[in-house]
1. Beyond a 24 Å Cα-Cα separation, which of these cross-linked pairs lie in this structure: K34/K93; K34/K285; K33/K188; K91/K223; K33/K68?
2. Residue by residue, what Karplus-based ³J(HN,Hα) values in Hz, rounded to whole numbers, does the stretch 95-107 have, using 6.51, -1.76 and 1.60 with θ = phi - 60° and x for Gly and Pro?
3. Using Cβ contacts closer than 10 Å as the measure, can you line up S107, S206, S169, S82 from fewest to most?
4. Kindly flag which residue pairs out of K201/K262; K119/K272; K119/K229; K201/K229 have an alpha-carbon separation exceeding 27 Å in this structure.
5. For E83, enumerate residues with amide H under 5 Å from its amide H, sequence gap 5+ or separate chain, H modeled in the peptide plane.
6. I'd like the distance separating the alpha-carbon centroids of the stretch 26-67 and the stretch 126-156, in whole Å.
7. Starting from the Cα coordinates of the stretch 142-290, work out the convex hull volume and express it per residue in Å³.
8. Could you tell me the convex hull volume per residue, in Å³, taken over the Cα atoms of the stretch 1-74?
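Here, each number is a calculation from the coordinates, and none is a lab measurement. Just so we're clear, the structure is a prediction, and the values are computed from it rather than from any experiment. Glycine gets a Cβ as well: all are built from the backbone with ideal geometry, and neighbour counts include every protein chain shown.
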Amino acid sequence: MAENFWKVPIFFFVSFCIFLFIILVVQAFMLFKKLMPKSNRRLRDGVVLLHQMPPNNRVLNVSPPSLKLETYLRMCNIPYESEYSFKTSTKGKVPWIEYNGRSVADSNFIVRFLNEEFKADPDAHLSVVEKAIAHTMIVTLEENTYWTVMYHIVEVDLADTKTMSPLLSVTPYPLKYVASWLFCRALKNYLWSHGIGRHTKEEIYSIAENDLRAASELLGKKKYIMGTKPCLLDAVLFGLVSVLIWNVPTSPQANLIRSELKNLERHCYNIKEEYFPDWDQLILKHKISQ
Ligand SMILES: N[C@@H](CCC(=O)N[C@@H](CS)C(=O)NCC(=O)O)C(=O)O
């Protein structure tokens, strides 16, 4: 009898692990069902189906490339419908689209594809030099400044991210612990592989500051970056600045915009007013976070 004494706690521990495992599997299954596309929406010919994450309470989309793409669609009057879910493209990212039986991934390849299909070009009015400047600024914002936002949400303000993330906010405990851990691990790996994650906090925010100051200089007092007519860069800037000032309003980047780079904030409100009169209704209708 005495030699079996140690088996009792082991029995309880193993039972607890099995129980926890079953709970996690059931929760993951339920969450998967909840978050995958609900509609077996039939693709309509000539209409773009835009796959993107649902809104949270603060912003129409927490993903700058998704907001940029939706802005582009509206700028070019391209007919589209949104499919709000967490289904990713073949490249493992959002946004992506389906159009006339074809799937296209990555906002920039989507823009190229739709420009061809719809004979649209939001940059048609730009000179060759303006196009070159716009291209360079787009790459700066999407491949550099964007990662400073990712750094902020995972390294500095994770508690807020967990509350506001469309995915983590609807993930029940105890699965939320696992999902948060996986989310952080993936994002920290991205930051490290990109290279920006190897810098100090101060260095990373200074990178963001330099980029945002450059964008602000380029915009100056103009309504849109290249003058009176918007171009793709305006959509990119809107995607990033709206996420900064509305989704992470306490970040150093948002503080800088609100205190010193006010033209970026004004630009953001201009685009919202012009292209998203239904912004609040869309958030109310489709938001998924609590
Ligand atoms: N270059 C891509 C970037 C898309 C992107 O980074 N999407 C993020 C959300 S903002 C994503 O899907 N991340 C999921 C992941 O990387 O696992 C584009 O412009 O579409």
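1. K33/K188; K91/K223; K33/K68
2. x, 8, 9, 10, 8, 6, x, 10, 9, 10, 10, 6, 3
3. Least crowded to most crowded, the residues run S206, S169, S82, S107.
4. Checking Cα-Cα distances, K201/K229 exceed 27 Å.
5. Here the answer is L50, H51, Q52, since their amide H atoms fall under 5 Å of that of E83.
6. Using only Cα atoms to place each centre, the spacing works out to 25 Å.
7. Once divided by residue count, the hull of the stretch 142-290 is 111 Å³.
8. Details: hull volume 10.9 nm³, N = 74.
Roughly 148 Å³ of hull volume per residue.
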